[in-house]
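The values are calculated or read from the model by the stated rules, or taken from the named source; none is laboratory data. Since we're looking at a predicted model, the values are computed, not measured. Positions of Cβ are generated from backbone atoms using ideal geometry, with glycine treated the same way; all protein chains shown enter the neighbour counts. We work out accessible area using only protein heavy atoms, side chains counted, and drop any ligands, DNA or RNA first. Shrake-Rupley method; radii C 1.70, N 1.55, O 1.52, S 1.80 Å.
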Amino acid sequence: MAKIIDSAAYDELVASGKPFVIDFWAEWCGPCRSLTPIIEELAEEYEGKVVIGKCDVDQNNDLAMKFAVRNIPLVVFIKAGGEMNDKLVGASSKDAIKAKIDALL
């Protein structure tokens, strides 16, 4: 299951020294809802290798501002140590997201 990411969880992920993925979304966003099952599947597939989580932009404005989220869904790929490696804007395919995750490993 995808981890719920807020500011505290983000800080823990950066401190962990492992790569992670954040799906920025909102409940009212149709494309975001269509991406949710893909994110959940990938969270299970990559469990133990990469943390994959979701951040509701309406509830976590600070993180949305940190990553300059202007359009959602936005999936960001973050290297160990907290540096953003890549991002995908809009509803993306599972294969496209997997390719970006594999590039983190």
ILE101: crowded, with 16+ Cβ neighbours inside 10 Å, touching a residue at least 40 places away in the same chain (Cβ under 8 Å), over 17 Å from CYS32 (Cα atoms) and among the hydrophobic types (A, V, I, L, M, F, W, C), yes or no? yes
Select from segment 16-25 the residues that are out of contact with any Ser or Thr (no Cβ under 9 Å at 6 or more places or on another chain) and either modelled with pLDDT of 95 or more or closer than 14 Å to VAL76 by Cβ (or both) and list them in ascending order. PRO19, PHE20, VAL21, ILE22, PHE24
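Give me the strands (runs of 3 or more DSSP E) completely within the chain, filtered to those with at least 3 residues that are among the aromatic types (Phe, Trp, Tyr), ordered by residue number. Show your work before the answer.
Details: elements: 20-25, 51-56, 74-78, 84-89.
Strands (runs of 3 or more DSSP E) meeting the threshold: 20-25.
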Considering residues that are surrounded by 15 or more Cβ atoms within 10 Å (Cβ to Cβ) and over 20 Å from ALA8 (Cβ atoms), the number found within segment 58-78 is 5
Among the residues of segment 20-39, how many are over 16 Å from VAL57 (Cβ atoms) and within 11 Å of the chain's Cα centre (by Cα)? 1
Residue list for segment 88-98, filter: in contact (Cβ under 8 Å) with a residue 12 or more places away in the chain and among the aliphatic types (A, V, I, L, M): LEU88, VAL89, ALA91, ILE97
Specify the residue that is most open to solvent (accessible area, probe 1.4 Å); the eligible residues are those in segment 79-97 that are touching a Pro at 6+ places or on another chain (Cβ under 6 Å) and farther than 15 Å from LEU42 by Cα. LYS79
Single condition TRP28 does not satisfy, out of (1) touching a residue at least 40 places away in the same chain (Cβ under 8 Å); (2) under 15 Å from LEU74 (Cα atoms): (1)
Can you run down the residue pairs with Cβ atoms below 7 Å, 6 or more apart or on separate chains, where the first is in segment 51-79 and farther than 14 Å from ALA26 by Cα and the partner is open to solvent by less than 80 Å² (accessible area, probe 1.4 Å) and in a loop (DSSP other than H, G, I, E, B)? ILE52/ALA2; ILE52/TYR46; VAL76/PHE67; ILE78/PRO19; LYS79/PRO19
